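The values are calculated or read from the model by the stated rules, or taken from the named source; none is laboratory data. Only a predicted model underlies this, so the values are computations on that prediction, with no experimental measurement involved. Don't worry about glycine lacking a Cβ; one is built from the backbone with ideal geometry, like all the others, and counts go over all protein chains shown.
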Amino acid sequence: MQTQQQHMHMDEIPVDLIIEILSRLPTKTIARCRWVSKLWASIICRTDFSELFMTRSQARPQILFTFRKSDFSFFLTPQAQNKSSLVAKNHMKLPTDDSSQICGPVRGFVCLTNYSSGIKETVSTVCNLSTGQAIHLPNAKTNGNFVKSYLGFDPIDKQFKVLLINNATQGVSDEHQVLTLGTPNLSWRNIKSCCISYCYPHYYNDGICINGGLYYVAAVSKGPSISAIVCFDVKSEKLRIVNKAEGMELRSDSTLVNNKGKLGVFEGGWVGGVFTGETTSFELWVLVDAEKHEWSKHLYVLPPLWKNVVAKSDLYFVGVTGKDEIVFSKLYISDSFYVYYYNIEDNTVTRVEIQGMSAFKNFNFHVSLDHVEDVKLMQHV
């Protein structure tokens, strides 16, 4: 046990220095530091500390691999491809069942939703993958046969919100419900879809949250049903349609990405968004002005080395890193597993082996770029 004299010495350390030291520690170590003293616990709970830790975490982004077996299992590996081989570390697990769907990560948080058509309600849990804190949300009543949930973050008010879309039978009377995390009384509230009379999100399209805008691909209707991008403004809680550009072939499997703070849409490959060694080019559409629905088109011609590096692998778009590298991945783990980086500036292809996930061979998984760690604890659980 610590003596009174040791406590006195700790209390003499300047608070700014304690913050600086703690912000450089791993998240699991910070969790243990909460029990060192009341002073340290109060520092770790401060907003300025969590923001400092988040800033430093954003400077060292990670790749998050999510597997669904008997549980949801999460693996992390550094995003930088400065090595030919990396080891993915098993981070944590979340319980699941056959009706579970997961969305995120958003700033280190994920949302797990269970839906039963017989019970006609959802049970959702939001989890901070860094701290392990799980927040069980109140049940949301539904009246349809399809439910899709998304997790968003408002960078102005620093709030997480869950958007739940309930499509009734035959696509009539759609409902959009929203819940704000971190409030004393967690509750779902209905919002109006205004200009969108019918919105059927594509099940396998996860959506993406960029600067307070939550984007996802859906079948929408102002008459005939069409595929479109829907934007949910997390702060104002308003929905609107983002018109696609002329010549853009928006599909249910189109990959939405964060391209330096702007929405990007990948197009190319075979049906289903598959890329092989025979692929020669692809397109990236970037939303320049969301209000004016202005897009810019970028065509990338792959180098001859692409065919040799990719060989017979079937690849899918993952996203774009802050270093102008487009990342591709397989859909399943095989005997050897690689992540592929295409450098836009240098027109080069690099293959990085990811080890440590052999237990999930032949299992489907999801890859997320720019995963960051957040040590913030929700106060109202």
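For every residue, the table says whether it meets (1) part of a loop (DSSP other than H, G, I, E, B); (2) among the basic types (Lys, Arg); (3) surrounded by fewer than 17 Cβ atoms within 10 Å (Cβ to Cβ); (4) at pLDDT 85 or above.
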position: Arg32; (1), (2), (3), (4): no, yes, yes, no
position: Trp35; (1), (2), (3), (4): yes, no, yes, no
position: Ile43; (1), (2), (3), (4): no, no, no, yes
position: Asp48; (1), (2), (3), (4): no, no, yes, yes
position: Glu51; (1), (2), (3), (4): no, no, yes, yes
position: Met54; (1), (2), (3), (4): no, no, no, yes
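Does region 317-336 include one or more residues that are closer than 30 Å to Arg46 by Cβ, touching a strand residue (DSSP E or B) at 6+ places or on another chain (Cβ under 8 Å), outside the structural domain of Arg34 (by TED's automatic domain parsing) and assigned to a loop (DSSP other than H, G, I, E, B)?
So far as region 317-336 goes, yes, one or more of its residues are closer than 30 Å to Arg46 by Cβ, touching a strand residue (DSSP E or B) at 6+ places or on another chain (Cβ under 8 Å), outside the structural domain of Arg34 (by TED's automatic domain parsing) and assigned to a loop (DSSP other than H, G, I, E, B).
Only residues that are crowded, with 16+ Cβ neighbours inside 10 Å, more than 21 Å from Thr350 (Cβ to Cβ) and among the hydrophobic types (A, V, I, L, M, F, W, C): list them for region 251-270, please.
Within region 251-270, Leu256, Leu263, Val265 qualify.
Considering each of Thr348, Thr321 in turn, give the residue that is over 18 Å from Pro61 (Cα atoms), of a type in the set (S, T, N, Q) and in contact with a Pro (Cβ under 9 Å, 6 or more places away or on another chain).
The match here is Thr348.
In the list Gly273, Gly277, which residue meets the criterion of being assigned to a loop (DSSP other than H, G, I, E, B), in contact (Cβ under 8 Å) with a residue 40 or more places away in the chain and more than 17 Å from Ile344 (Cα to Cα)?
After ruling out the rest, the residue left standing is Gly273.
May I ask you to list pairs of residues, at least six apart or on different chains, whose Cβ atoms are under 8 Å apart, with the first in region 237-249 being assigned by TED's automatic domain parsing to the domain that holds His298 and the second being of a type in the set (Ser, Thr, Tyr) and surrounded by 14 or more Cβ atoms within 10 Å (Cβ to Cβ)?
Close Cβ pairs (under 8 Å, with a partner that is of a type in the set (Ser, Thr, Tyr) and surrounded by 14 or more Cβ atoms within 10 Å (Cβ to Cβ)) amount to Leu239/Ser193; Val242/Tyr215.
For region 281-299, give me each residue that is surrounded by 15 or more Cβ atoms within 10 Å (Cβ to Cβ) and either in a strand (DSSP E or B) or at pLDDT 90 or above (or both).
The answer is Phe282, Glu283, Leu284, Trp285, Val286, Leu287, Trp295.
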